[in-house]
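Following: one structure in structure tokens, then a few remarks.
The values are calculated or read from the model by the stated rules, or taken from the named source; none is laboratory data. Given the structure is predicted, the values throughout are model-derived calculations rather than measurements. Please note: Cβ atoms are built from the backbone with ideal geometry, for glycine as well, and neighbour counts cover all protein chains shown. These accessible areas exclude ligands, DNA and RNA; they are computed on the full protein's heavy atoms, side chains included. Shrake-Rupley method; radii C 1.70, N 1.55, O 1.52, S 1.80 Å.
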Amino acid sequence: MFNQLAFYSRRIGERFDLVQAGGGNTSIKDEDGHLYVKASGVRLSDIVTITNFAKLDNRKLTELFFTVDWESLDREKRESKANEIVTTCNLTLDKRPSIETLLHAICPGTVFHTHPLIVLEFFSGGKNREQFNDIFAFVSYATPGIELTLALNKSRNEFILRTGHEPKAIILENHGMVVYDDNPELTWNKTLLVLEKIDSTIGNSISIETKYATANKISMVMENLFHLPCVTIPLKKVNDTMKVSQRPFFPDGVVFFGGGALVTREVDLTTDIQKYLKEFTIPPKIFIIESIAYANGSNFTKANEIAEVWELHSTIAEANANHIVSLEKEEILYLSHWEAEKYRKEL
């Protein structure tokens with residue numbers, strides 16, 4: 001279950017249309033009454049193991065939360081009391097739990113809190129509520145932390161009382177969205193279905209782009225083939241695929257993206273990756289699918305480093321393709337396994 005949570009946390013974290021910078025958080029609860037919530041300062045895209053999560057006593061956490069008379073406290077005292085409760089229940093003292101820990105504690109199952117562009121686009125300031133009142137609970141803007149948790153708890157309870165069932169999602173106006181279900185895979189699938197529902201109902205969104213789903217697909221295939229965590233980020237549109245897909249013409253090109261870009265289609269990813277591996281003995285790091293380039297790395301930082309070197313390659317290749325002499329395949333194979341460069345890539 002923890003591996004699944006880490007897997008889908010990375011899928012969220014690599015999508016700019018779901019979270020930005022270090023935003024968003026995920027959590028899971030075990031049968032022993034513990035809550036595991038993303039530790040503060042950790043990017044979702046870089047989550048690998050359960051050590052990236054803070055562990056809390058969720059039974060005690062929820063008990064303390066529901067016994068406090070929050071309305072009797074002013075705003076500063078509410079925040080202080082919330083911090084006290086979270087600190088008291090934190091079982092991993094070397095990690096600071098997310099600011100939204102209490103939100104995760106009171107929602108059932110696996111919880112994904114994201115900041116989708118389409119939610120910010122369509123639901124800021126209370127817009128477009130009427131079309132979704134029977135499936136979403138809505139929370140008017142509240143300051144992150146205890147204020148948001150209290151507002152969410154009230155909105156969720158009112159929705160359940162009115163409809164007799166849990167909301168498909170809880171929309172946080174001018175902020176984001178909360179989705180929960182029994183396990184990480186179900187919560188991920190529900191998150192995607194909610195976004196599709198919003199887009200199909202309202203339409204004309206500037207926020208829905210297929211490139212982010214394609215990035216997810218690349219990562220899923222790569223992790224399935226090589227059993228190592230990775231992150232894929234979409235890059236700019238390629239003007240001339242033929243020019244940029246030639247082999248690298250400088251050493252760092254080889255170090256950071258091997259034998260060059262893999263031009264493929266989503267349906268051919270597995271087969272084409274295996275062919276690339278057979279030819280160059282290393283996996284591809286740059287993919288071109290429907291004229292969009294993608295960088296794949298072991299984490300978000302590595303993916304961006306690969307993207308920077310690819311930018312150099314593609315800029316020169318598109319402008320001066322006829323004057324560039326690519327490195328010989330023998331040199332590419334040598335550099336790909338050169339100990340000095342292997343060490344630099346791992347730093």
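Looking at the structure I just gave you, is THR232 hydroxyl-bearing (Ser, Thr, Tyr) and either assigned to a helix (DSSP H, G or I) or in contact with a Gly (Cβ under 6 Å, 6 or more places away or on another chain) (or both)? It is false that THR232 is hydroxyl-bearing (Ser, Thr, Tyr) and either assigned to a helix (DSSP H, G or I) or in contact with a Gly (Cβ under 6 Å, 6 or more places away or on another chain) (or both).
Quick one: is ILE306 of a type in the set (A, V, I, L, M), surrounded by 22 or more Cβ atoms within 10 Å (Cβ to Cβ) and farther than 24 Å from GLU328 by Cβ? No, not satisfied. Restricting VAL48, VAL42 to those that are of a type in the set (Val, Ile, Thr), over 14 Å from THR187 (Cβ atoms) and either part of a helix (DSSP H, G or I) or open to solvent by less than 50 Å² (accessible area, probe 1.4 Å) (or both) reduces the list to VAL42. The condition (being more than 30 Å from ASN189 (Cβ to Cβ), out of contact with any Ser or Thr (no Cβ under 6 Å at 6 or more places or on another chain) and open to solvent by 10 Å² or more (accessible area, probe 1.4 Å)) is satisfied by just one residue among LEU64, LEU120: LEU64.
Candidates in the range 314-334 are the residues that are charged (D, E, K, R) and assigned to a helix (DSSP H, G or I); of these, the one that is most open to solvent (accessible area, probe 1.4 Å) is GLU330.
When the range 1-38 is limited to residues that are farther than 19 Å from LYS217 by Cα and of a type in the set (Ser, Thr, Tyr), the one that is most open to solvent (accessible area, probe 1.4 Å) turns out to be TYR36.
Looking at THR232, THR191, THR214, can you tell me which residue is closer than 30 Å to ILE106 by Cα, of a type in the set (Val, Ile, Thr) and open to solvent by less than 50 Å² (accessible area, probe 1.4 Å)?
THR191 is the lone residue from the list that is closer than 30 Å to ILE106 by Cα, of a type in the set (Val, Ile, Thr) and open to solvent by less than 50 Å² (accessible area, probe 1.4 Å).
Applying the set (1) under 15 Å from the mean Cα position of the chain (by Cα); (2) free of Cβ contacts under 8 Å to residues at least 40 places away in the same chain to VAL48 leaves exactly one unmet item: (2). Pairs linking a residue in the range 267-296 that is farther than 17 Å from ASP240 by Cβ and aliphatic (A, V, I, L, M) to a residue that is modelled with pLDDT of 95 or more and surrounded by fewer than 17 Cβ atoms within 10 Å (Cβ to Cβ), with Cβ atoms under 7 Å and 6 or more positions apart or on different chains, are ILE273/LEU225. Which condition does SER219 not pass, out of (1) more than 23 Å from TYR8 (Cα to Cα); (2) part of a helix (DSSP H, G or I), if it passes all the others? Evaluating SER219 over (1) more than 23 Å from TYR8 (Cα to Cα); (2) part of a helix (DSSP H, G or I) leaves (1) as the failure. Is it the case, given these coordinates, that THR110 is open to solvent by 60 Å² or more (accessible area, probe 1.4 Å) and β-branched (Val, Ile, Thr)? It is false that THR110 is open to solvent by 60 Å² or more (accessible area, probe 1.4 Å) and β-branched (Val, Ile, Thr). Out of curiosity, is GLY125 open to solvent by less than 30 Å² (accessible area, probe 1.4 Å), at positive phi and not β-branched (Val, Ile, Thr)? So GLY125 does not fit the description; no. Would you say ASP57 is of a type in the set (Asp, Glu), under 26 Å from GLU147 (Cβ atoms) and either at pLDDT 95 or above or touching a strand residue (DSSP E or B) at 6+ places or on another chain (Cβ under 7 Å) (or both)? For ASP57, the condition - of a type in the set (Asp, Glu), under 26 Å from GLU147 (Cβ atoms) and either at pLDDT 95 or above or touching a strand residue (DSSP E or B) at 6+ places or on another chain (Cβ under 7 Å) (or both) - is met. In the set VAL254, VAL267, only one residue is under 25 Å from SER219 (Cβ atoms), open to solvent by less than 30 Å² (accessible area, probe 1.4 Å) and part of a helix (DSSP H, G or I); that residue is VAL254.
Among the conditions (1) within 23 Å of VAL19 (Cβ to Cβ); (2) buried (at least 24 other Cβ atoms within 10 Å of the Cβ), the only one that CYS89 does not satisfy is (1). As for the range 207-215, it holds at least one residue that is part of a loop (DSSP other than H, G, I, E, B), polar (S, T, N, Q) and within 23 Å of the chain's Cα centre (by Cα). Quickly run through the range 171-183 and pick out the residues that are closer than 16 Å to THR114 by Cα and touching a residue at least 60 places away in the same chain (Cβ under 8 Å). HIS175, GLY176, MET177, VAL178, VAL179, TYR180, ASP181 - these are the residues of the range 171-183 that are closer than 16 Å to THR114 by Cα and touching a residue at least 60 places away in the same chain (Cβ under 8 Å). Exactly one residue among PHE16, PHE7, PHE65 is part of a loop (DSSP other than H, G, I, E, B), in contact (Cβ under 8 Å) with a residue 24 or more places away in the chain and of a type in the set (Phe, Trp, Tyr), and that residue is PHE16. Put simply, of SER9, SER27, SER72 the only residue that is at pLDDT 95 or above and within 9 Å of the chain's Cα centre (by Cα) is SER9. Looking across ILE135, ILE198, ILE202, ILE146, one residue alone is touching a residue at least 24 places away in the same chain (Cβ under 8 Å) and within 20 Å of the chain's Cα centre (by Cα). It is ILE198.
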